[in-house]
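Peer 1: Please see the structure below; I have some questions.
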Amino acid sequence: MIDISNISKTFNLGTVNENTAIRDISLNVRKGDFITIVGSNGAGKTTLLNLITGSILPSTGTIKILGKDVTRSPEYKRAAYIGRIFQNPTLGTSGKLSLEDNMNICSKKGFKGLKISLNAKQRDLFKKELVALEMGLEDRLKDNVGLLSGGQRQALTLLMTVLSRPALLLLDEHTAALDPRNAEIVLGLTQRFIDDYKLTSMMITHNMKHAIEFGNRLLMMDRGEIILDVSGDEKRTLTVEKLVNKFHEIRQTEYVTDEALLTL
Ligand SMILES: Nc1ncnc2c1ncn2[C@@H]1O[C@H](COP(=O)(O)OP(=O)(O)OP(=O)(O)O)[C@@H](O)[C@H]1O
Ligand SMILES: [Mg+2]
């Protein structure tokens with residue numbers, strides 16, 4: 001579904017600020033994969049998603065989506081396949097517009113410039129979709145989205161994103177700004193939508209428990225590399241302790257290697 005071959009990304013090449021954020025990553029995302037991604041700040045997680053969406057282009061390597069080489073295609077051309085949700089709940093919707101207007105605009109994606117007014121049938125449809133969130137939002141169609149809580153707003157963003165049935169759903173710490181209860185609710189919805197619509201998805205999280213509990217495959221990134229790729233039984237029997245130990249094992253090996261190199 002997504003074939004990433006040997007991509008690297010160096011920012012500010014040739015300057016004092018040169019920074020290689022992604023180092024020779026190859027990754028095959030299979031249809032139906034729900035991949036969780038962990039890794040410390042600056043590990044390159046967001047950059048990897050940016051490379052997939054095309055919001056930045058790789059320095060080297062190739063990216064194929066659904067068999068098509070999109071390595072150099074602009075972001076807007078890939079947007080049809082990809083739904084993306086960010087950490088900040090205000091990013092996915094317009095706070096100054098009502099719920100129904102937000103949903104209307106989202107459902108008219110691709111018909112830019114056409115102002116198509118809402119009819120009763122569409123309103124009914126939106127209501128039905130909002131019922132699925134179990135947050136009572138179906139009774140607030142005319143409220144401005146800015147009045148919603150962070151959790152409600154992120155749930156609405158999630159709903160609007162999955163309505164277009166993206167081939168790939170990218171979640172970048174999409175529950176990190178929510179309180180624990182709302183984070184659980186939005187994660188539960190995420191899981192339900194992924195199951196119901198059989199979405200392929202990648203979810204970045206700093207919560208190791210969530211990374212283990214959700215998805216069929218877990219990637220750990222560090223310093224621009226994927227240092228761990230776990231699925232199947234190994235993923236199912238993973239614990240936070242095992243994951244932390246694995247990280248230390250891998251990094252220990254590297255430090256030893258580094259030291260060995262220093263003595264050359
Ligand atoms: N547009 C950019 N220009 C220059 N450097 C960048 C740019 N985007 C990311 N970087 C750098 O690339 C590295 C990886 O950043 P990235 O945002 O991918 O990390 P991350 O794993 O998502 O971290 P976090 O958990 O903090 O979100 C960092 O050193 C960052 O400063
Ligand atoms: Mg990030």
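Peer 1: Is it the case that some residue within the stretch 47-59 is surrounded by fewer than 18 Cβ atoms within 10 Å (Cβ to Cβ) and touching a Ser or Thr at 6+ places or on another chain (Cβ under 6 Å)?
Peer 2: yes
Peer 1: Output the number of the condition that Thr10 fails; it satisfies all remaining conditions of (1) more than 26 Å from Leu187 (Cα to Cα); (2) within 16 Å of ligand 2 (Cβ to nearest atom).
Peer 2: Against the list (1) more than 26 Å from Leu187 (Cα to Cα); (2) within 16 Å of ligand 2 (Cβ to nearest atom), Thr10 comes up short only on (2).
Peer 1: Do any helices (runs of 4 or more DSSP H) entirely within the stretch 170-255 hold 2 or more residues that are closer than 20 Å to Leu133 by Cβ, and if so, which?
Peer 2: Details: elements: 180-196, 208-213, 232-236.
Hits in the stretch 170-255: 180-196.
Peer 1: Tell me which residues, restricted to the stretch 40-93, are touching a strand residue (DSSP E or B) at 6+ places or on another chain (Cβ under 7 Å) and without any contact (Cβ under 8 Å) to a residue 24 or more places away in the chain.
Peer 2: Asp69, Val70, Thr71 - these are the residues of the stretch 40-93 that are touching a strand residue (DSSP E or B) at 6+ places or on another chain (Cβ under 7 Å) and without any contact (Cβ under 8 Å) to a residue 24 or more places away in the chain.
Peer 1: Can I ask one more? Contact list please: Cβ distance under 6 Å, first residue in the stretch 236-264 and at pLDDT 55 or above, second residue part of a helix (DSSP H, G or I) and of a type outside the set (Lys, Arg), pairs at least six apart or on different chains.
Peer 2: The qualifying pairs are Leu238/Ile212; Val240/Met208; Leu243/Met208.
Peer 1: Looking only at residues that are within 16 Å of the chain's Cα centre (by Cα) and open to solvent by 10 Å² or more (accessible area, probe 1.4 Å) in the stretch 127-162, which one is farthest from Arg78 (Cα to Cα)?
Peer 2: Result: Met160.
Peer 1: I'd like to verify a number: residues in the stretch 198-212 that are under 24 Å from Leu163 (Cβ atoms) and surrounded by fewer than 13 Cβ atoms within 10 Å (Cβ to Cβ), how many?
Peer 2: Residues in the stretch 198-212 being under 24 Å from Leu163 (Cβ atoms) and surrounded by fewer than 13 Cβ atoms within 10 Å (Cβ to Cβ): 1 in total.
The values are calculated or read from the model by the stated rules, or taken from the named source; none is laboratory data. Just so you know, these numbers come straight off a predicted model, no measurement behind them. Reconstructed Cβ throughout: ideal geometry from the backbone, glycine too, with neighbour counts over all protein chains shown. Just the protein is used for accessible areas: all its heavy atoms, side chains included, with ligands, DNA and RNA removed. Shrake-Rupley method; radii C 1.70, N 1.55, O 1.52, S 1.80 Å.
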